[in-house]
Amino acid sequence: MISNERRRAKHGQIVISGQSIKQGSLQIIEKSPCLRPEVGSARYLHPLCQPSREKPMNRKKLFKMDVVAIILSAICLLPGHSLEASPYSQGRLAFARGDFDSAMRLLEESTRSDPSNGNAHFYIGLIHERKGRKAQSIQAYKQGVARRMDADLREKALWKIVLYSKYIGDWGSVSVYSSQFLKYRHHPEMARLQSMAANQGGSSSAEMVRLVQRGQKSEKEGNLAEAIGYYEEAIDIEPDAHSVRWNLASVAMKANQYSRAVNHLKYLDRKDPQWKYSYKLGVCYYQLGKYQSALASFDRASAQNNRPSGSFKYFLQIGRGLTYLELEDVVRAHEQLKGASRSKNSALVQGALARLALMQGDRKQATSHMQAALKEDSQQLDALSVRALLTSNPDSYEKFQDQLYRNTVYQPPFYNSVTLQYVHVLVARSRFDQARTVLDSLNAQKIEAIHTMKFNTAAVSNRALIFPSTQQKSPEAKKISRSRLLEEEIQMFFLFDRSERGKAAIAAFKEEMAQRINQETLEGEGKPAKPVVSEPESPAGWLRMKPDLFEPVARVDLLEFLLKQNNEIRAQDIASYWVPRSASFKTAAAEIGEVQELISRNAKWATIFGEKPPATDTPDVNPGKNPEDPPSTSTGNATDSNPSIATDDAEDNGTGQPSESNSDDSN
């Protein structure tokens, strides 16, 4: 008598047992690619394809199972069970009845209504396999494993792909899909097949195998740039190796090479649209500062995923929330981030909520979220930025800067605004060389974007000014954003540091001090008098130490700088404030060529300097643009209407008010 197993083997039905996928038996219907007729005179069975020694199942037990299956199927088809009314569920029932044509129609309909469901592709593959269309069945399995699948179906599909690829000599596919299997769990036979693929020499497929394995090794070792190189060489050989390209895009994102990742994700999305590609594109666009494209990609991912998991909804809310945060849409940002926090209150969500609370002027809530985020993750970037803004501590700013350039490619205006305030803090503490180094990271375009933010960071953080005269009580001065005033003060110190006027004023002050010391020495009967002050290391240090003496000179330098930048409106505002208050300012400013030209043709300027207005007031050829036009861009300056200004750099003590002490700033 021939056993049932041998009879099935004779007719091309092989039972895989032993170390099988579910520690049970897995049937490969039709003739197995494991059969190798070239080995000996008899058919050679792959070790995984040896006949099972299991006993035939009792017929009574089979009958009972069939009855139960029929009853369950009938129950599932009742009107109350809406889940089974789906094309996928009905397709599976048709497949179980052996109605393969109806099953194929329903399952194909399911792939259109729910493109992310890989299970449907698995059953389509089985139907093709039953009908003898092996190549089409393998293609369906490949479609399935690229999507969301049940774990057991994924393993079965990968086994079929790998074994068939080995049978036809496609070692590249053997390597790719065996690697994909081994990511989920280890199996010694699958590892052996992967090793076999690596040892096949001469063909382009074998070269691809070696490149993929080298890429995987480099990726595992943390050498991401090298891994990217290997993966790109592999897809040059086989452009449609989607799993390799997907790995490449993922590694590129880990290496902060988001533009490279976008190129590969767009290729995958064109060939085989899936929600995971759209979602990853959204993440890449966000990191590149392309916020509208990011939102469009997130929306597309949501539309493509008809069965979103809780994890998918959570990450989608975070992606949208962070994007709305950069767009300064506080209402939508709050809605998305709060929704995410109800699923999981992660450090990322808490840090973003801290930023959002600070933008809305709620310092207490911002502090609470910031502390919660840093408790979970001491390097959370948004939380570090909020802590720096609330405390004005240079150490806090330095920790923020370290994380900023380590984890970002594109720095949005908010992060750049924190960097600008860091420069202001360093200047206030007379750390001018360090301030210059940090300021070099901000070009003119980035600084202008800071000033036009809807929620001006310098205003909502209540950053104190160094000089009380920086914000005069004129209508024009009140329109200027607080961040622009900080930049103005920073510029004053850097201009004064290389100014000839500054050097002359310092020399005159030193000479006066020397004369005073000589006079005190004579009056002290020959005993040398102690120096009145210790000398700073730079001219900017003199301005920081003696603002009452050197500020008028620094304001003249600033006036000249603004006129050369064609910012006549702000220059006129400064001249209007300082001419009646400082004779030295008036004298020095009147010697500037641009000022003389304005006095000669502009009645306002002539009046400011006490000169006779011209007979005809010539219109300004290039009067300059108010830096805050249009007014709508300054809506974040609500706190500027009651600014906190100190004579020196009054640091925030964490209570929301500037501290009275200036002892730290002189160090």
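The values are calculated or read from the model by the stated rules, or taken from the named source; none is laboratory data. This is a predicted model, so every value here is computed, not measured. When we count neighbours, we look across all protein chains shown, and the Cβ atoms used for this are built from the backbone with ideal geometry, even at glycine. Side chains are part of the model used for accessible areas, which takes the heavy atoms of the whole protein and leaves out ligands, DNA and RNA. Shrake-Rupley method; radii C 1.70, N 1.55, O 1.52, S 1.80 Å.
Can you compute the FRET efficiency between Tyr184 and Gln565 using 1/(1 + (r/R0)^6), with r the Cβ-Cβ distance and R0 = 41 Å? Round to the nearest 0.05.
E(calc), rounded to 0.05, equals 0.10.
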Relative contact order [Cα under 8 Å, 6+ residues apart], segment 149-289, whole percent: 14 percent
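Using the beta-carbon distance between Ala504 and Ser538 and R0 = 25 Å, what value does 1/(1 + (r/R0)^6) give for FRET efficiency, to the nearest 0.05? Walk me through the numbers before you get to the answer.
On the way: r = 16 Å, r/R0 = 0.62.
The calculated FRET efficiency here is 0.95.
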For segment 255-337, accessible area per residue (1.4 Å probe, heavy atoms of protein chains only), Å²: 44 Å²
Rule-of-thumb Rg ratio for segment 76-196 [Cα; 2.2 N^0.38 Å; N residues]: 1.14
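Based on the alpha-carbon set only, what is the convex hull volume of segment 377-433 divided per residue, in Å³?
Details: hull volume 4.5 nm³, N = 57.
Spelled out: Cα convex hull of segment 377-433, divided by residues, is 79 Å³.
Among Lys454/Lys478; Lys220/Lys266; Lys183/Lys217; Lys134/Lys156; Lys217/Lys254; Lys254/Lys375, which pairs are too far apart, with a Cα-Cα distance over 18 Å?
Correct reply: Lys220/Lys266; Lys254/Lys375.
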